[in-house]
Amino acid sequence: MIAPSILSADFAHLADEAAAVEGSDWLHVDVMDGHFVPNLTLGLPVVESLLKATDIPLDCHLMIDNPGRWAPGYAEAGAYNVTFHAEATEDPIAVARDIRAAGGKAGLSVKPNTPIEPYLEILREFDTLLVMSVEPGFGGQSFIASVLEKARIVRGLVDSGELQLVVEIDGGINADTIEQAAAAGIDCFVAGSAVYNTADPGAAVKSLRRQAAT
Ligand code: DX5
Ligand code: ZN
């Protein structure tokens, strides 16, 4: 699956930018609060408008403090997948259950330096694991290949039937890095600059999809 990240799109024309990647599996929406990460983007009102503007399922990546307060609202509004950060809450299970109760798929994200082992036990409460391959906050950073070990561990648990979830990666995914991520067992690739900083975002999605499948 390919999930273009609108962080690199033109925020004044989000409906057009979503239409440009029609046929993508998910549309990745980076919500940043200026506290959990040193950058500020958009929130629920923009997501509500986007939901009316596109049929692509929204993959909301909440880089925010206190996700328990905010995450269920995104699911209630109709976001398909709502992912929050393990580092942002002491009770990830409660947040996941609230997202699911509100009708969304629940995702857990880990920053590059956060180990996965402490979370393996609770992943059964989740539909998605989002492995960050850059420090969250900004698009256009370089891929950190060492995080792929976390993807391999979780892929193994999915393949052996112990877990059932989508393994997603976010940060620095482009034509040079997507194949090694695919080889590590990633199911869903987020790509911001590699899609939107090109002349033809739709063609970029198709090209990444082809590469991931080889
Ligand atoms: C970064 C965001 C990413 C960002 C990725 O904190 O979570 O989704 O859009 O951008 P690229 O693909 O340019 O690394
Ligand atoms: Zn993201």
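Miscellaneous remarks
- Spherically averaged projected area of the convex hull of Cα atoms, the stretch 39-110: 4.5 nm².
- If R0 is taken as 22 Å, the Cβ-Cβ distance between Q180 and A213 corresponds to a FRET efficiency of 0.95.
- When Rg and the Kirkwood radius Rh are both evaluated on Cα atoms of the chain, their ratio Rg/Rh stands at 0.93.
- Full-extension gain in nm, F11 to I153, via 0.36 nm per residue minus C-alpha separation: 47.5 nm
- Anisotropy class of the stretch 124-203 from Cα gyration tensor, a/c 1.5 cut: prolate
- Loop-resident sites, the stretch 6-90, for GluC sites (Glu not before Pro), counting at most 10 other Cβ within 10 Å (DSSP): E90
- Helix-only arithmetic for the chain: the sum of -39500 (n - 2.57) across DSSP H runs with n ≥ 4, divided by the residue total, places the mean residue ellipticity at 222 nm at -9500 deg cm²/dmol.
- Estimated Rh, the stretch 62-146: Kirkwood, alpha-carbon pairs, angstrom: 13.1
Read-outs throughout are calculated quantities, based only on the coordinates presented, and are distinct from any laboratory measurement. Since the model is a prediction, treat every value here as computed from it, not as a measurement. Because the Cβ atoms are built from the backbone with ideal geometry, glycine has one as well, and the counts that use them run over all protein chains shown.
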